[in-house]
Amino acid sequence: MGIPLFDTATHLAPLRDVIRDRISAVIERGTFILGPEVEAFERELAAYLGVRHVVGVANGTDAITIALRAMGVRPGDDVVVPSFTFYASAEAIVTAGARPVFCDVDPQTRNVTPDTVQAAITPRTRAIVAVDLFGLPAPIPELSELGLPVLEDAAQAAGASLNGRRAGSLGEMATFSFYPSKNLGCFGDGGAIATDDDALAELVRALRFHGSRDKSDFQYVGYNSRLDELQAAVLRVLLPELDRWCDGRRAAARGYAAAGLGDHVTLPGAPDGADPAWHLYVVGHPRAEELIAGLVDRGIQARGYYRTPVHRQNAMAPYAPSRSLPATDELARTNVALPMTPTLSAAAAREVVAATVAALAA
Ligand SMILES: *Cc1c(COP(=O)(O)O)cnc(C)c1O
């Protein structure tokens with residue numbers, strides 16, 4: 001009934017039998033932590049991204065914390081992060097012991113820019129967390145020119161690219177989440193860290209295992225944060241499908257545009273050279289909540305994201321920014337996520353547009 005915001009079942013249906021076989025094989029083998037599936041998935045994702053190293057961890061939040069630790073972030077350091085993102089992007093900075101310094105975003109791309117980041121840099125800034133929001137790669141090559149290491153939070157951007165380079169290969173390090181609703185989602189929690197730097201990769205491998213390289217000498221106070229074998233086995237079946245699924249998402253976005261959606265709401269913009277993975281298809285309208293209620297009444301799932309941006313969350317009160325973040329506050333108020341799946345048809349896109357027109361006219 002109706003059109004859901006996410007659909008994690010339809011595109012998985014043809015893969016179910018293979019996935020069951022791979023899960024059975026893991027059970028037969030009896031190795032559940034850091035075995036051949038994780039090793040192979042790390043190799044395969046690294047090849048896909050075009051980076052030297054991928055290290056599997058327990059989730060996308062740990063991935064950020066561990067990557068920041070490896071980059072040398074420590075107590076007393078500041079880390080710049082956008083406020084218009086999922087809470088974990090900033091939470092992970094606090095877990096790493098540092099202070100998040102919130103920056104604004106560009107109203108069109110909804111991503112950080114060199115200017116918005118520059119405005120938040122302090123003498124203590126040790127790193128920048130740049131989020132590829134909603135699946136659109138952040139302008140990381142330009143951010144790198146600010147002279148600080150950039151961690152790319154690519155949790156929403158598996159399958160996206162920027163000038164021919166994959167999201168997840170753009171910064172000093174990058175992190176992924178394989179939470180089930182993400183573009184590359186496993187059957188539980190999972191995450192990964194990607195980097196070209198041999199030393200950082202080695203450090204991350206130790207940090208995910210209690211700070212030990214050999215499981216007997218403990219060099220650092222680390223984490224127990226591993227991607228497990230069952231999830232890696234599932235992800236190895238899904239990764240080869242990722243590009244096709246993202247093509248489906250891009251076709252759905254074109255379907256929305258072709259059906260005239262842009263005449264009624266602000267469409268998400270993608271700068272030249274960016275090929276978004278459309279994790280979420282988020283439009284803008286001044287009467288966002290009214291539009292959402294009207295869509296839901298008509299059987300179309302829609303919702304606003306990050307209505308309370310991270311810098312206004314209670315837990316972040318100690319890090320409240322001194323300057324205002326006007327684009328963030330405006331986007332938080334006006335954004336509307338519409339249904340987006342790899343299999344959303346042109347007919348479904350037309351139905352969503354028709355419901356949008358009706359909802360706004362009512
Ligand atoms: C989902 C997400 C995370 C956290 O990933 P988990 O696997 O849920 O811990 C971090 N950053 C962004 C931008 C996300 O969307």
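Please say if region 1-54 is rounded, prolate or oblate, where rounded means a/c under 1.5 for a ≥ b ≥ c the square roots of the C-alpha gyration tensor eigenvalues, and otherwise the choice is prolate for a/b larger than b/c and oblate otherwise? Oblate.
Of the peptides 258-269, 100-111, 232-243, 82-93, how do they stack up when ordered by the mean number of other Cβ atoms within 10 Å, highest first?
Details: 258-269: 16.5, 100-111: 22.4, 232-243: 19.9, 82-93: 25.4.
Averaged packing, sorted descending, gives the order 82-93, 100-111, 232-243, 258-269.
Take the Cα of ARG74, go 7 Å toward its beta carbon, and none of the backbone nitrogen atoms of region 306-326 fall under 14 Å from that spot. Toward the positive end of the charge dipole of region 242-361, with +1 on the Cβ of Lys and Arg and -1 on the Cβ of Asp and Glu, the farthest Cα among VAL353, HIS264, HIS279 is that of HIS279.
Provide the packing ranking of 153-165, 22-34, i.e. peptides ordered by the mean count of other C-beta atoms within 10 Å per residue, highest first.
Working: 153-165: 24.5, 22-34: 13.4.
Sorting 153-165, 22-34 by mean packing, highest first, produces 153-165, 22-34.
Rounded to the nearest 500 deg cm²/dmol, what is the calculated helix-only ellipticity per residue at 222 nm for the chain, with -39500 (n - 2.57) per DSSP H run of length n ≥ 4?
Numbers: 12 runs with 129 residues, N = 362.
Value at 222 nm, helices only: -10500 deg cm²/dmol.
Stokes-Einstein, applied to the Kirkwood radius of region 1-96 over Cα pairs at a viscosity of 1.567 mPa s and 4 °C, places its translational diffusion at 77 µm² s⁻¹.
Report the calculated FRET efficiency for PHE218 and ALA320 (r = Cβ-Cβ distance, R0 = 30 Å), to the nearest 0.05. Walk me through the numbers on the way to the answer.
On the way: r = 37 Å, r/R0 = 1.23.
About 0.20, to the nearest 0.05.
Work out, in µm²/s and without decimals, the Stokes-Einstein translational diffusion coefficient of region 40-99 at 20 °C, 1.002 mPa s, Rh from Kirkwood over C-alpha pairs. In µm²/s, the coefficient is 170. With a simple spin-label model that places each label point 7 Å from the Cα along the Cα-to-Cβ direction, the separation between HIS210 and ARG16 comes to 4.0 nm. Between ASP329 and ASP297, the simple label model (points 7 Å from Cα in the Cβ direction) yields a spacing of 3.0 nm. Show log10 I(q)/I(0) for region 242-361 at q = 0.10, 0.15, 0.16, 0.22 Å⁻¹, two decimals, from a solvent-free Debye sum over equal Cα scatterers. Here log10 of I(q) over I(0) equals -0.35, -0.72, -0.80, -1.22. The amide H of ARG303, built 1.01 Å from its N in the peptide plane, has ALA337 as neighbours under 5 Å, considering only residues 5 or more places off or on other chains.
Suppose every Lys and Arg Cβ carries +1 and every Asp and Glu Cβ carries -1, with no other charges. What dipole size does the chain come out with about its Cα centre, to the nearest 20 debye?
480 debye
For region 39-181, the relative contact order works out to 23 percent when only alpha carbon pairs closer than 8 Å and six or more residues apart are counted. All Cα-Cα distances of the chain, cut into 20 Å bins from zero to the largest, leave 30, 57, 12, 0 percent in each bin in turn.
No value in this document is a laboratory result; all are computed from the given coordinates. Nothing here was measured: the structure is a model prediction, and the numbers come from that model. Ideal geometry is used to build each Cβ from the backbone, glycine not excepted, and the neighbour counts take in all protein chains shown.
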